Amino acid sequence: MILSALLTSVGINLCLCLLFWTLYSILKKQPDNAAVYVPRLLAEGKCQENDEFNLERLIPSTNWVKRAWQITEDELLALSGLDGLVFMRVFVFSLRVFSLAGILGILVLLPINFLGDQLIIDFSDLSNRSLDSFSISNVNNGSNRLWVHFSAIYIFTAVVCYLLYSEYKSIAMKRVAYFQASKPLPEQFTILVRSVPVSPDSSISESVDKFFTEYHPSTYLSHTVVRQTDELQGLLKNSEKLYKRLVRMRTINDTGRRWICGGCFGHKARRLDQYEKKFEDIEANVRLEQSSVMAKEVPAAFVSFNSRYSAAIASLVRQGTNPTEWLTETAPEPRDVYWPFFFPSFFRQWINKVLAAALVIVITILFLIPVFLVQGFANLEQLETWFPFLKGFLSLTVVSQVVTGYLPSLILQLFLSFIPPVMIMISSMQGCISHSQIELSTCSKLLWFTTWNIFFANVFSGTVFYQFGLVFEPKNIPSVLAEAVPGQASFFISYVVTSGWTSTSSELFRLFPLISSFINGTCFGKNEEKVNVPSIPYHSEISRIVLFGLIGVVYFFLAPLIVPFVLVYYCLGYIIYRNQLLNVYEPKFETGGKFWPKVHNWMIFSLMLMHVIAIGIFSLKKLPTASILCLPLPVLTLLFNDYCQKQFQPAFHSYSVETLISKDKENENDSSMGDFFEKLASAYQNPVLTPIRRASGNSPSTPLLQAATEV
């Protein structure tokens, strides 16, 4: 890619970013958009609507930036929990890493690359100059200037490892402190037991009660058997959709508004009666299904104890002599339990994990098709070969710059937008017991998927057989990467700008919720429905942050021109997501910062990949001594990672005996613990089994709606 094509891509995306920011600052001030831009504040009653018109609403402002900047870590912790804080700490860590990379890369390495004469460069036409002139490819073979790159790699690795260690230690300590500051919670006293063996003369509930009364007599408190509720959940989802229609129709009927969108469906009063009758039928079916579900027990139960220490011991120690029976694990929060795909069987869980892994592999391979097409768009000569009738059109300067500079990354981003929902679906089919486990599993899948398909597939121009061929010749990996990676720097700069800058700014604008709100307001008018407060999609956002980190680390010494673009992305993300956590998102679960170990591991992988490429690039550049001296780097990095894992990873799996017992002693004299234990017995009751009580007349049942919205 030439410099002018890159500038075209940057210019288009910069204009889009400014447009999103400007529109957001205006639309946020409009009262009708409160449910889109401040749903969290609206649900908490902190947003005061003012319908009086004033000119200030139409003037863009940056007050929200100042407010987002001024939030302290303690306020962020109170607003979004430890997961929200860790999410923002990933941005802070990345900003520190790439600030150092910017200093070394832009001030030191970039001038050295530019002043090289390995490549034939025409200095008379700067706009048509290839971006390779700013990369290490332009440094002469065997030049002593390459030792500067060698030194920069060692310095960068040492500083990044120090930052990783400090961040891992800090988050591990925050995790313990967050637990110690918490009030008594059901998940702290409860475990999940699967594969409960049942004798013919007893029920699952009786088997669980007998087992834990016998083997945990002094600590066992109560249990809740899991029941099969697939059909009931489907009924409740249908009831939720019907209830929303009823609310909108009644609002229109009560206010005398014209049915803008529903007028073509017949008389509104008759239509309303039909929906109410249908809702009553669903309500009757729900009651019938609830009564039958009570007998549909599955061999799994949530078992509660009278202390945190007892629950932790029961979750970690094998309970039965048969390793496939009485399987225990820590219970998630009651609100975090994912009921639809609850697999109590060890064998079924194992089968579904194998099938999920196979599906991910198939999707990863199939995604190479759009990647290959994208690389064809990035190559103008290849594009003219595919579409010879467009040769004259593509010869236009503006068209060629847009097609090669902006279009490839845009197409790739559009294809990539379909992947997170698919990975969520695959993870949910594995039998994860909680939404947080689904998010963590999806995050891992997306990290592998994006690393392979966005980084490696584009580096190797989407040639599948070429990529798999490296598996059988691992000794050639450094040299192959050293040849292929530098040539794709321009594409990744464009990708960072499109997928990073513009996509993050569109997160601020919230286009689809805005369109949905506009359509609902136009068709049905303003109604008093409960505000839908979304939760932040950690799985997709963290995988994107890590991917840009990998790209930045790898290209830090190869093509340092990419570093400022990565740094701008992290600056945008830092401000925008602080604002979104303040106004838009509310936590739906709490993992206690378990996303950080994934970030740590992938940063280690990024460093290792950089080291392998460095070994190959110095060999290609006829500097074998530097290549040999780089060999200890991956070994030292692995040793550092092993040290961090052994020191900090246990804190993310379970809490120490000292922490648990001290917390139990703290609550010994608490008079409210009696009420807590009484509520604990029903804390893990499936919300779809909540008894239905009609409020009054023909109004829809509130418990029915509540159960539907919790499914």
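Entry remark, the range 407-456: residues being under 18 Å from residue 538 (Cβ atoms), at pLDDT 85 or above and outside any helix (DSSP H, G or I) number 2 in total. Residues that are modelled with pLDDT under 65, more than 24 Å from the chain's Cα centre (by Cα), open to solvent by 50 Å² or more (accessible area, probe 1.4 Å) and farther than 19 Å from residue 496 by Cα: does the range 354-376 have at least one? The answer is no, given that none of the residues of the range 354-376 is modelled with pLDDT under 65, more than 24 Å from the chain's Cα centre (by Cα), open to solvent by 50 Å² or more (accessible area, probe 1.4 Å) and farther than 19 Å from residue 496 by Cα.
Pairing residues of the range 65-82 that are closer than 22 Å to residue 534 by Cα and open to solvent by less than 90 Å² (accessible area, probe 1.4 Å) with residues that are not polar (S, T, N, Q) and not in a helix (DSSP H, G or I), at Cβ distances under 6 Å and at least 6 apart in sequence or on separate chains, gives 80/587; 81/587; 81/590; 82/592; 82/593.
Of 534, 486, which residue is under 16 Å from the mean Cα position of the chain (by Cα) and either surrounded by fewer than 18 Cβ atoms within 10 Å (Cβ to Cβ) or touching a residue at least 24 places away in the same chain (Cβ under 8 Å) (or both)?
534
Restricted to the range 197-316, the set of helices (runs of 4 or more DSSP H) holding at least 2 residues that are at pLDDT 90 or above and either touching a Cys at 6+ places or on another chain (Cβ under 7 Å) or under 30 Å from residue 655 (Cα atoms) (or both) comprises 204-215, 308-316. Of the residues making up the range 457-492, just one is of a type in the set (Asp, Glu) and at pLDDT below 70, namely 473.
Just one of the numbered conditions (1) at pLDDT below 90; (2) surrounded by fewer than 19 Cβ atoms within 10 Å (Cβ to Cβ) is not true of residue 108: (1).
Could you grab me the full set of residues in the range 86-104 that are hydrophobic (A, V, I, L, M, F, W, C), open to solvent by 10 Å² or more (accessible area, probe 1.4 Å) and within 18 Å of the chain's Cα centre (by Cα)?
In the first step, residues of the range 86-104 are kept if they are hydrophobic (A, V, I, L, M, F, W, C); the result is 86-88, 90-93, 95, 97-98, 100-101, 103-104.
When the remaining residues are screened for being open to solvent by 10 Å² or more (accessible area, probe 1.4 Å), the result is 92, 95, 100, 103-104.
92, the sole residue that qualifies.
Taking the criterion of being within 16 Å of residue 90 (Cα to Cα) and either crowded, with 20+ Cβ neighbours inside 10 Å or not β-branched (Val, Ile, Thr) (or both), the residues of the range 552-574 that qualify are 552, 553, 566, 567, 569, 570, 571, 572, 573, 574.
Among the residues of the range 149-204, those that are of a type in the set (A, V, I, L, M) and farther than 30 Å from residue 661 by Cβ comprise 152, 153, 155, 158, 159, 160, 163, 164, 198, 204. State yes or no: is residue 146 open to solvent by less than 10 Å² (accessible area, probe 1.4 Å) and under 29 Å from the mean Cα position of the chain (by Cα)? Judged against the criteria, residue 146 is not a match. Among all positions in the range 342-350, there is at least one residue which is at pLDDT 80 or above and open to solvent by 20 Å² or more (accessible area, probe 1.4 Å).
Number of residues in the range 176-203 that are in contact (Cβ under 8 Å) with a residue 12 or more places away in the chain, open to solvent by 10 Å² or more (accessible area, probe 1.4 Å) and closer than 19 Å to residue 592 by Cβ: the value is 9.
Going by the conditions given, is residue 385 modelled with pLDDT of 55 or more, β-branched (Val, Ile, Thr), more than 23 Å from residue 83 (Cβ to Cβ) and exposed (fewer than 15 other Cβ atoms within 10 Å of the Cβ)? For residue 385, the condition - modelled with pLDDT of 55 or more, β-branched (Val, Ile, Thr), more than 23 Å from residue 83 (Cβ to Cβ) and exposed (fewer than 15 other Cβ atoms within 10 Å of the Cβ) - is met. So which residues in the range 589-646 are surrounded by fewer than 17 Cβ atoms within 10 Å (Cβ to Cβ), outside any helix (DSSP H, G or I) and modelled with pLDDT of 90 or more, if there are any at all? 631, the sole residue that qualifies. Might you let me know whether the range 230-240 holds any residue that is under 30 Å from residue 308 (Cβ atoms) and not aromatic (Phe, Trp, Tyr)? Checking the range 230-240: not a single residue is under 30 Å from residue 308 (Cβ atoms) and not aromatic (Phe, Trp, Tyr).
Listed by first and then second residue, the pairs with beta-carbon distance under 9 Å, at least 6 apart or on different chains, first residue in the range 625-641 and within 10 Å of residue 615 (Cα to Cα), second open to solvent by 60 Å² or more (accessible area, probe 1.4 Å) and β-branched (Val, Ile, Thr), form an empty list.
The values are calculated or read from the model by the stated rules, or taken from the named source; none is laboratory data. Please read these numbers as outputs of a predicted model, since none were measured by experiment. Glycine also receives a Cβ, built like all others from the backbone with ideal geometry; neighbour counts cover every protein chain displayed. Areas reflect the complete protein model, heavy atoms only, side chains present, ligands, DNA and RNA absent. Shrake-Rupley method; radii C 1.70, N 1.55, O 1.52, S 1.80 Å.
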